[in-house]
Amino acid sequence: MKQFEIVNDPINPEQYREWTLNEKQGAVVVFTGHVREWTKGIKTEYLSYEAYIPMAEKKLSQIGDEIYEKWPGTIVAIAHRIGELQISDIAVVISVSSPHRQDAYEANEYAIERIKEIVPIWKKEIWEDGEEWQGSQKKYHSSIKMEGE
């Protein structure tokens, strides 16, 4: 396990929680993002995630640095899974510990929003009648034509 990583196998949130815990930390907030069956009235069959792994891990580490700067004393571990994920599978885990709970809550929420903004991970939703790349990063995916092309 690495502190910031892209993985192919199912995620065990406990190992990331343990990684962030020590005798100085009074709170640990663990967020897990799961594959949901229904989105905006459309039934999802499964999701497929792709990532540019070296850059994605670098950006996850950058988010950790940003969090430590904003909330000194925090410890962060983040993993995002790629490949085909079934309904209820964990796609992402974010564990943040801090001496006090408020910082852990705020830093954890900050992390998921930053992942969506800057980490090169792409999600394809597969439905019964089609599929589509989703998310703010989709414009960077090689299979998507940029405006003006």
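Return yes or no: is residue 76 of a type outside the set (Lys, Arg), modelled with pLDDT of 95 or more, in a strand (DSSP E or B) and touching a Pro at 6+ places or on another chain (Cβ under 6 Å)? So residue 76 does not fit the description; no. Scanning segment 15-46 for residues that are of a type outside the set (Lys, Arg) and free of Cβ contacts under 8 Å to residues at least 12 places away in the same chain returns 18, 23, 38, 41. Whether a residue is free of Cβ contacts under 8 Å to residues at least 24 places away in the same chain and open to solvent by 30 Å² or more (accessible area, probe 1.4 Å) was assessed, and residue 9 does not pass this test.
For the residues 75, 90, the requirement of being more than 23 Å from residue 48 (Cβ to Cβ) and either in contact with a His (Cβ under 6 Å, 6 or more places away or on another chain) or crowded, with 17+ Cβ neighbours inside 10 Å (or both) singles out 75.
Residue-wise test of (1) out of contact with any helix residue (DSSP H, G or I) (no Cβ under 8 Å at 6 or more places or on another chain); (2) more than 22 Å from residue 57 (Cβ to Cβ); (3) part of a loop (DSSP other than H, G, I, E, B); (4) modelled with pLDDT of 90 or more.
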| position | (1), (2), (3), (4) |
| --- | --- |
| 91 | yes, no, no, yes |
| 97 | no, no, no, yes |
| 104 | yes, yes, no, yes |
| 108 | yes, no, no, yes |
| 124 | yes, no, no, yes |
| 137 | no, no, no, no |
| 145 | yes, yes, yes, no |
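When segment 13-72 is filtered for residues that are hydrophobic (A, V, I, L, M, F, W, C), surrounded by fewer than 17 Cβ atoms within 10 Å (Cβ to Cβ) and closer than 30 Å to residue 129 by Cβ, the ones remaining, listed by number, are 38, 42. Evaluation of residue 115 against the conditions (1) surrounded by 18 or more Cβ atoms within 10 Å (Cβ to Cβ); (2) in contact with a Phe, Trp or Tyr (Cβ under 8 Å, 6 or more places away or on another chain); (3) in a helix (DSSP H, G or I) shows that the sole unmet condition is (2). Scanning segment 93-109 for residues that are more than 29 Å from residue 46 (Cβ to Cβ), open to solvent by 10 Å² or more (accessible area, probe 1.4 Å) and either of a type in the set (Val, Ile, Thr) or within 16 Å of the chain's Cα centre (by Cα) (or both) gives 105, 106.
The values are calculated or read from the model by the stated rules, or taken from the named source; none is laboratory data. Since this is a predicted model, take the numbers as computed values, not measurements. Reconstructed Cβ throughout: ideal geometry from the backbone, glycine too, with neighbour counts over all protein chains shown. Accessible surface areas use protein heavy atoms only, side chains included; no ligands, DNA or RNA. Shrake-Rupley method; radii C 1.70, N 1.55, O 1.52, S 1.80 Å.
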